[in-house]
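The values are calculated or read from the model by the stated rules, or taken from the named source; none is laboratory data. Owing to the predicted nature of the structure, the values given are computational and were not obtained by experimental measurement. Positions of Cβ are backbone-derived with ideal geometry, glycine not excepted, and every protein chain shown enters the neighbour counts. Ligands, DNA and RNA are excluded from the accessible area calculation, which covers all protein heavy atoms including side chains. Shrake-Rupley method; radii C 1.70, N 1.55, O 1.52, S 1.80 Å.
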Amino acid sequence: AVRVLFVDDHKVMRQGLIQLIGNQPDIEVVGEAADGLEAVAKANQLRPNVIVMDVSMPVMDGIEATRRIKAAMPEVSIIGLSMHEDEDIFRSMRNAGAAAFMRKTASTAELLKAIYKASGKLDSVDLS
């Protein structure tokens, strides 16, 4: 199963994502974090395959958290998530090491596809 960590400062958003994604085949939600600093700690502790990371958060933003996690655990794939369609944010997340970047308005199917793709399991899962 793909081990997924959800990071967002809005609890409702995290719980919604966990509800939508957690019951999918081959996905195990291993945890959640409310800011970038907590994300770094949880990534070290829980060793997820994929992290769905909000960009704009207090304490430490998703860009810095992505940079730190990728430096310590290059094998972890990170999907940046933002409500803003901003090329600078997209570029910053990419430069920090994110494998993909999505808007929060993306569909569940799009997010699922990104998670499976980031984990290298896209070909083995039927999304129809």
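Here are some notes:
- Per-residue SASA entry for Arg94, accessible area with 1.4 Å probe, Å² rounded to 10: 110 Å²
- Largest to smallest in accessible area, the residues Thr66, Thr105 fall in the order Thr105, Thr66 (1.4 Å probe, all protein chains included).
- Across the stretch 29-37, rounded Karplus estimates of 3J(HN,Hα) from the backbone phi angles (6.51 cos²θ - 1.76 cosθ + 1.60, θ = phi - 60°) give 7, 8, x, 8, 9, 9, 7, x, 5 Hz, Gly and Pro being marked x.
- Note on the chain: helix-only mean residue ellipticity at 222 nm, from DSSP H runs of 4+ residues weighted -39500 (n - 2.57) and normalised by residue number, equals -13000 deg cm²/dmol.
- Annotation: amide H of Asp9 has no partner in the under-5 Å range at sequence separation 5 or more or interchain, hydrogens built in the peptide plane.
- The figure for Asp26 is an accessible area of roughly 80 square angstrom, using a 1.4 Å probe on the protein chains alone.
- Rg and Dmax of the chain, Cα atoms only, in Å: 13.0, 39
- Sorting Lys104, Lys121, Lys113 on solvent-accessible area from highest to lowest, probe radius 1.4 Å, gives Lys113, Lys121, Lys104.
- Euclidean distance between Cα centres, the stretch 16-44 to the stretch 45-85, Å: 11 Å
- The magnitude of the dipole of the chain, with charges of +1 and -1 set on the Cβ of Lys/Arg and Asp/Glu and taken from the Cα centre, is near 260 debye.
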